[in-house]
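A short write-up of the structure that comes next.
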Amino acid sequence: MSRSSRQKEKLLYLQKIMLEKTDENHALTINEIKDLLALYDIHTERKALYDDLRVLETYGLDICRTRGRDTRYFVGSRDFEIPELKLLVDAIQSSKFITHSKSLKLISKLERLVSENDGKQLQREVYVTNRVKTLNEQIYYNVDEIHSAISENKKITFRYMKWAVDFGGRQKIIRVERHPGKEYLVSPFALCWDDENYYLIAYDGAEDKLKHFRVDKMEKIKIQSEKRDGMDRFEKFNLAHYAKSVFSMFGGEECGVKLSVDNDLIGVIVDRFGSDIYIVRESDTSFIVNIRVVLSPQFYAWLFGLGLKARVLSPKKAVDGFKTKIQEESAFYKTEI
């Protein structure tokens, strides 16, 4: 390649060098910058480099200078600060729905947003209790396909999977269709991240109701030419409220529930239902709270975990449901002596 051609690329390589090699703790002199440009077969004069750095600064790159015997140059502020990127890395590493290989690729891309030296700080393992990475590499593309369908206002079809045990020959855990041969047809409206899993909120026209599906269990997603329906149902839908009321995304009947709760559990209630809940003083040691939840085994399990510090007051179906669950569990473990 000719010298003039390389000169045309000089600003691009200069920006690359400044972004990759410099930060607040690693600045370069003009001579060091010249040497690095030479590695790309680009040769320039000191005076020209001063002008080039000013051009990059005018363009918007935050070129900073350190004063001393030799002036040094580095890139100051960037689109993302190190603490922000560390937070993103932690979120990626701890997200169950992102496979291990995809996690490494995403983190590698995040490293390019800072200098090489700062990027080393992002190369760390984050261990999260009970973290289990999904094995479904396709989820990454499922999310993108669903977003495309939503933006294009189109329905989608897919097959829904579940885990099963294959006892034939070598026993192993396999993925099978929840309803063999069934192709789901729904109108996608939103994606919700709950309990470290991605869920699709969609309208099922055949049953005239909103449903949710775990994205990592969806396969063979196809965007259809048919326009979405159920918009009127979704416009009345409160996604934030739904995520708070549904426990681990298990379905059931939604209703208002009144609880009597000890004062020292207020943090638990706020963590689950938010700080905008309405509470009433019951006694010096307890309060009454009204919440809307989906009555499901997961809700009763959460309630059971609060022990004697929380009690269901109403409605009767919630009280009876909790009692029945306790009796069933007790009977299961009852043994004759």
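Distance in nm between label sites at LYS236 and GLN121, each 7 Å beyond Cα in the beta-carbon direction?
5.1
Between the alpha-carbon centers of segment 8-80 and segment 275-298, tell me the distance in whole angstrom.
Going from one Cα centre to the other spans 59 Å.
Between HIS100 and ARG178, what is the label-point separation in nm under the 7 Å Cα-to-beta-carbon projection?
2.8
Starting from 0.36 nm per residue, how many nanometres of slack lie between TYR40 and LEU88 once their C-alpha separation is accounted for?
Details: separation 48, 0.36 × 48 = 17.28 nm, distance 3.28 nm.
Full-extension gain reported as 14.0 nm.
How high is the FRET efficiency from ILE266 to TYR160, r the C-beta distance, R0 25 Å, rounded to 0.05? Could you put the intermediate results ahead of the total?
Details: r = 39 Å, r/R0 = 1.56.
Once the sixth-power term is evaluated, E becomes 0.05.
Determine the gain in length on full extension of the stretch SER275-SER148; use 0.36 nm per residue of separation and subtract their C-alpha separation, reporting nm with one decimal.
Values: separation 127, 0.36 × 127 = 45.72 nm, distance 3.41 nm.
Computed gain between SER275 and SER148 is 42.3 nm.
State in Å² the accessible area per residue of segment 1-51; use a 1.4 Å probe, count heavy atoms of protein chains only, and round to the nearest integer. Each step should come with its number before you reach the end.
Values: 3130 Å² over 51 residues.
Solvent-accessible surface per residue comes out at 61 Å².
The values are calculated or read from the model by the stated rules, or taken from the named source; none is laboratory data. None of the values given here were measured: they were computed from a predicted structure. Positions of Cβ are backbone-derived with ideal geometry, glycine not excepted, and every protein chain shown enters the neighbour counts. Remember, those area values only see protein heavy atoms, side chains included, never the ligands or the DNA or RNA. Shrake-Rupley method; radii C 1.70, N 1.55, O 1.52, S 1.80 Å.
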